[in-house]
Amino acid sequence: MAAARIDLKTLLLTLLGMTTVEFMSAGVILLGASNPLVVTGVVRFLELLLMIAILVHSDRDLAAVGLSAATAARGFLKGLIWATGFGFVVAGVGLVISLWGINPLQLIRIPLPSDPSEILQLFIVGGLVGPVTEELFFRGILYGYFRRWGIFPALFLSTLFFVLLHPIKALAVTQTVGGVLFAAAYEVEGNLLVPITIHVLGNLAIFSLAFLV
């Protein structure tokens, strides 16, 4: 698997760079940033650019994380297939839960902002920029580094960090399932665009379902 090429230097540079950006963003928010969601979006985008720069500098291309122009279309299509299959599974589980008198939408409910412009920002930041950045970090780099010790250690550790570092602790179960699914899709397909597609569509679906609750 190409992701196994991630070395310690690349991992440490990424961690150092992202930690620096996170501390700087925390300072900006503490100084009274008017829109923390916009700050988060800018931070995630900067982290994405930072990781790409580190990977290109370290490996000269993005093949180390299973990304290439030649396989982009295939990765997107595979991601759609995985997302559709998982959607049917979630719908089935939701149906079973609803038979017990529990509203399954309440289990994945995300509070939406009241301002329409902030809702749009949420969809852009949480539904697109965030998932792309998270997949590059958690699956592309973390999973890619841990993969040298085997599939299960990589899956467990990357998912653990994904859950612990995710801001919405109330959705720990959802994050755990997602982390396992994203890692499994990446392992099977060897293409980071597959979990990126699943993650983006999953987040957009959760945000959209919030209108129904």
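The values are calculated or read from the model by the stated rules, or taken from the named source; none is laboratory data. Since we're looking at a predicted model, the values are computed, not measured. In this analysis, Cβ positions are derived from the backbone assuming ideal geometry, glycine residues included, and neighbour counts consider all displayed protein chains. Side chains included, ligands, DNA and RNA excluded: accessible areas come from the protein's heavy atoms. Shrake-Rupley method; radii C 1.70, N 1.55, O 1.52, S 1.80 Å.
Quick check on my filter: what residues within segment 114-141 are open to solvent by 40 Å² or more (accessible area, probe 1.4 Å), touching a residue at least 24 places away in the same chain (Cβ under 8 Å) and not hydrophobic (A, V, I, L, M, F, W, C)?
So in segment 114-141, the residues open to solvent by 40 Å² or more (accessible area, probe 1.4 Å) come out as 114-118, 120-121, 123-124, 128.
If we keep only those that are touching a residue at least 24 places away in the same chain (Cβ under 8 Å) as well, we get 118, 121, 123-124, 128.
Answer for segment 114-141, where residues must be open to solvent by 40 Å² or more (accessible area, probe 1.4 Å), touching a residue at least 24 places away in the same chain (Cβ under 8 Å) and not hydrophobic (A, V, I, L, M, F, W, C): E118, Q121.
Considering only residues of segment 155-169 that are in a helix (DSSP H, G or I) and touching a residue at least 24 places away in the same chain (Cβ under 8 Å), which is farthest from V188 (Cα to Cα)? Reasoning before the result, please.
So the first thing to find is which residues in segment 155-169 are in a helix (DSSP H, G or I), and the list is 155-164, 169.
Cutting the leftovers down to touching a residue at least 24 places away in the same chain (Cβ under 8 Å) gives us 155, 158-159, 162.
Numbers: L155: 12, S158: 16, T159: 16, F162: 19 Å.
That would be F162.
Which condition does T20 not pass, out of (1) of a type outside the set (F, W, Y); (2) surrounded by 19 or more Cβ atoms within 10 Å (Cβ to Cβ); (3) modelled with pLDDT of 90 or more; (4) in a helix (DSSP H, G or I), if it passes all the others?
The failed condition is (2).
Based on what the data block shows, is T84 open to solvent by 30 Å² or more (accessible area, probe 1.4 Å), more than 28 Å from R148 (Cβ to Cβ) and at pLDDT 85 or above? Outline the logic, then answer.
Details: open to solvent by 30 Å² or more (accessible area, probe 1.4 Å): yes; more than 28 Å from R148 (Cβ to Cβ): yes; at pLDDT 85 or above: yes.
Yes.
Output the residue which, of all residues in segment 91-109 that are open to solvent by less than 70 Å² (accessible area, probe 1.4 Å) and at pLDDT 85 or above, is farthest from the chain's Cα centre (by Cα).
S98
Consider segment 193-204. How many of its residues are open to solvent by 30 Å² or more (accessible area, probe 1.4 Å) and under 18 Å from S68 (Cα atoms)?
Of the residues in that region, 1 qualify.
What's the number of the condition S25 fails, among (1) buried (at least 16 other Cβ atoms within 10 Å of the Cβ); (2) within 24 Å of I124 (Cβ to Cβ); (3) modelled with pLDDT of 85 or more; (4) not aromatic (F, W, Y)?
So the condition that S25 fails would be (3).
Within segment 142-154, how many residues are free of Cβ contacts under 8 Å to residues at least 24 places away in the same chain and of a type in the set (A, V, I, L, M, F, W, C)? I'd like the intermediate steps shown before the answer.
From segment 142-154, those free of Cβ contacts under 8 Å to residues at least 24 places away in the same chain are 146, 149-150, 152-153; that's our starting set.
Right, trim to of a type in the set (A, V, I, L, M, F, W, C) and you get 146, 149, 152.
Going through segment 142-154 one residue at a time, the tally reaches 3.
From the list G190, G178, exactly one residue is under 21 Å from W82 (Cα atoms), modelled with pLDDT under 95, buried (at least 23 other Cβ atoms within 10 Å of the Cβ) and of a type outside the set (S, T, Y). Which is it? Walk me through how you get there before you give the answer.
Values: G190 fails: buried (at least 23 other Cβ atoms within 10 Å of the Cβ).
Result: G178 is the single residue among G190, G178 that is under 21 Å from W82 (Cα atoms), modelled with pLDDT under 95, buried (at least 23 other Cβ atoms within 10 Å of the Cβ) and of a type outside the set (S, T, Y).
Which of the residues that make up segment 58-79 are open to solvent by less than 60 Å² (accessible area, probe 1.4 Å) and aliphatic (A, V, I, L, M)?
Correct list: L62, A63, A64, V65, L67, A72.
Would you call G66 modelled with pLDDT of 90 or more and under 19 Å from the mean Cα position of the chain (by Cα)?
Working: modelled with pLDDT of 90 or more: no; under 19 Å from the mean Cα position of the chain (by Cα): yes.
No: the conditions fail for G66.
Do the conditions hold for A53, that is, is it more than 24 Å from V173 (Cβ to Cβ), open to solvent by less than 70 Å² (accessible area, probe 1.4 Å) and of a type in the set (G, A, S)?
Working: more than 24 Å from V173 (Cβ to Cβ): yes; open to solvent by less than 70 Å² (accessible area, probe 1.4 Å): yes; of a type in the set (G, A, S): yes.
Considered against the rule, which asks whether it is more than 24 Å from V173 (Cβ to Cβ), open to solvent by less than 70 Å² (accessible area, probe 1.4 Å) and of a type in the set (G, A, S), A53 comes out as yes.
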